[in-house]
Amino acid sequence: MAHEVRGVVARAKGQPVAIETIVVPDPGPGEALIDVQACGVCHTDLHYREGAINDDFPFLLGHEAAGTVAAVGPDVSSVVPGDFVVLNWRAVCGECRSCRRGKPWYCFATHNATQPMTLQDGQPLTAALGIGAFAEKTLVAAGQATKVNPAASPAAAGLLGCGVMAGLGAAMHTGDVQPGDSVAVFGCGGVGNAAIVGARLAGAATVIAIDLDAKKLDLARRFGATHTVDASAGDVVEAVRALTDGNGADVCIEAVGRPEVMQQAFFARDLAGTLVQVGVPDPSMIIELPMIEFFGRGGALKPSWYGDCLPSRDFPMLIDLYLQGRLPLDDFVTETIALDAVEDAFHKMERGEVLRSVVVL
Ligand SMILES: NC(=O)c1ccc[n+]([C@@H]2O[C@H](COP(=O)([O-])OP(=O)(O)OC[C@H]3O[C@@H](n4cnc5c(N)ncnc54)[C@H](O)[C@@H]3O)[C@@H](O)[C@H]2O)c1
Ligand SMILES: [Zn+2]
Ligand SMILES: [Zn+2]
């Protein structure tokens, strides 16, 4: 039996999104049907509706979600109906070259549901990041649903599904921040502030937050930044050096997705320091660096896909830290909204007014 539910659909490039009736099939082999409880509004949803990801309209948006399992396909044992789950967009395959090498967080063949969700006329929907959770129900690969402690608030838990996990992991996994390290975070939106929290959890002694927006720097201080730098007021690289005994930071995290910011992060490192790029550039962006600086400074330049997370390992652990009061996920939820307010939330995001608007169903 298929389910007719409400979902937020982007029909054409640049057009406002609208609520449509969508058809969600019952789960087949390897799939799970989810009753969505909450889903955060991420920049990537807006990128989809602007046609910046690909042209596979219509899109069913939403991908930072938590909910309960409504039903599973015949061969699924990893989750059962009633489980409280956070959805992820990298369900690892276990078989590709990277999984076989023991690095499943780079999996090159991640799983999504095989049956499409559709509009009422049968037109298939492209689910954002293979999830599509601005909807009362969604269909995913069972591996995309990670069981966590149901005591967590769905609005907060769902945020682990994308931006907050990317930021936490950029510091904890990709940057491999160690106790006592100095860390500089460039861009303090949801992702950058999560990187600040991740750096603190990993034991960083100095955490420098950098942004153009004074409101974001205030937030960064609340999330645990020990110092802030206003990027609109002078030389950012010099400012980071001045806060690190003239040396630069051990780990610099670029959480904006712009070449000039990546340049700053490159030069603001200490010798043998690590540059983590978690901000997503657009395809036109180019970065130029003197090769001698790349060589002479040593260290590592590392892109961070989804914070190099492994959902099955990280989501339950991070929810436990949240329930112990050690991970302030609730503070990332600026507002909770209804399903029909996603378009409005995009505009608030563009104006820099929110860390996260979260749809609660
Ligand atoms: N790697 C991943 O897996 C992953 C996952 C989710 C999001 N992202 C990306 O992370 C980036 C940040 O996402 P977000 O949700 O935090 O976005 P956001 O728009 O909320 O935050 C970006 C912040 O950067 C600041 N900023 C802009 N220009 C700056 C500059 N020149 N110097 C310093 N700060 C500047 C803005 O004021 C804002 O606070 C985006 O590119 C997003 O696509 C990556
Ligand atoms: Zn794999
Ligand atoms: Zn996202």
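Below is a table of values for the structure above.
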| quantity | calculated |
| --- | --- |
| Candidates 290, 154, 124, ranked by Gaussian network fluctuation over the chain, Cα under 10 Å, top entry | 290 |
| Between the stretch 37-97 and the stretch 268-297, the alpha-carbon center distance in angstrom | 31 Å |
| Spatial extent of the stretch 167-304: Rg and Dmax, with the Cα atoms as the point set, Å | 13.2, 39 |
| Choice from 22, 196, 292 showing the highest fluctuation, given a GNM over the chain with Cα pairs closer than 10 Å | 292 |
| Loop-resident sites, the stretch 186-288, for GluC sites (Glu not before Pro), counting at most 16 other Cβ within 10 Å (DSSP) | 288 |
| Per-residue Cβ neighbour rank within 10 angstrom, fewest leading, 160, 361 | 361, 160 |
| Links that overshoot a 30 Å alpha carbon limit, given the list 13/348; 103/215; 103/216; 13/302 | 103/215; 103/216; 13/302 |
| Fewest-first sequence of 107, 162, 93, 252 by Cβ atoms within 10 Å of each Cβ | 93, 107, 162, 252 |
| Exposure proxy order (Cβ contacts within 10 Å, fewest to most) of 270, 45, 218 | 218, 270, 45 |
| In Hz, Karplus ³J(HN,Hα) per residue of the stretch 30-42 (6.51, -1.76, 1.60; θ = phi - 60°; x = Gly, Pro) | x, 10, 9, 9, 10, 7, 6, 9, 7, 8, x, 9, 10 |
| Label point distance in nm, residue 205-residue 222, each placed 7 Å from Cα along Cα→Cβ | 2.9 nm |
| Check: the stretch 167-304 dipole with +1 on Lys, Arg Cβ and -1 on Asp, Glu Cβ, in debye | 360 debye |
| Dipole axis of the chain (+1 Lys, Arg; -1 Asp, Glu on Cβ), positive-most option in 117, 22, 149 | 149 |
| Table column - 3J(HN,Hα) (Hz), the stretch 8-18, Karplus curve with 6.51, -1.76, 1.60, x for Gly and Pro | 8, 10, 9, 7, 8, 3, x, 7, x, 6, 9 |
| Rg/Rg_globular for the stretch 288-348, with Rg_globular taken as 2.2 N^0.38 Å and Rg from C-alpha atoms | 1.85 |
| Gain in span if fully extended, residue 272 to residue 292, counting 0.36 nm per residue against the direct Cα distance | 5.8 nm |
| Distance (nanometres) between label positions extended 7 Å along Cα→Cβ at residue 80 and residue 235 | 6.4 nm |
| Potential extension, residue 258-residue 340 segment - 0.36 nm per residue separation minus Cα distance | 26.4 nm |
| Cβ-Cβ FRET estimate between residue 96 and residue 242, R0 fixed at 51 Å, reported to 0.05 | 0.65 |
| DSSP bridge pairs, the chain: antiparallel proportion in percent, nearest 5 | 55 percent |
| Extended-chain gain in nm, criterion 0.36 nm per residue less alpha-carbon gap, residue 56 and residue 13 | 14.5 nm |
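Every number in this text was worked out from the coordinates using simple rules, so none of it is lab data. Since this is a predicted model, take the numbers as computed values, not measurements. Neighbour counts are summed over all protein chains in view; Cβ atoms, including those assigned to glycine, are modelled from backbone coordinates with ideal geometry.
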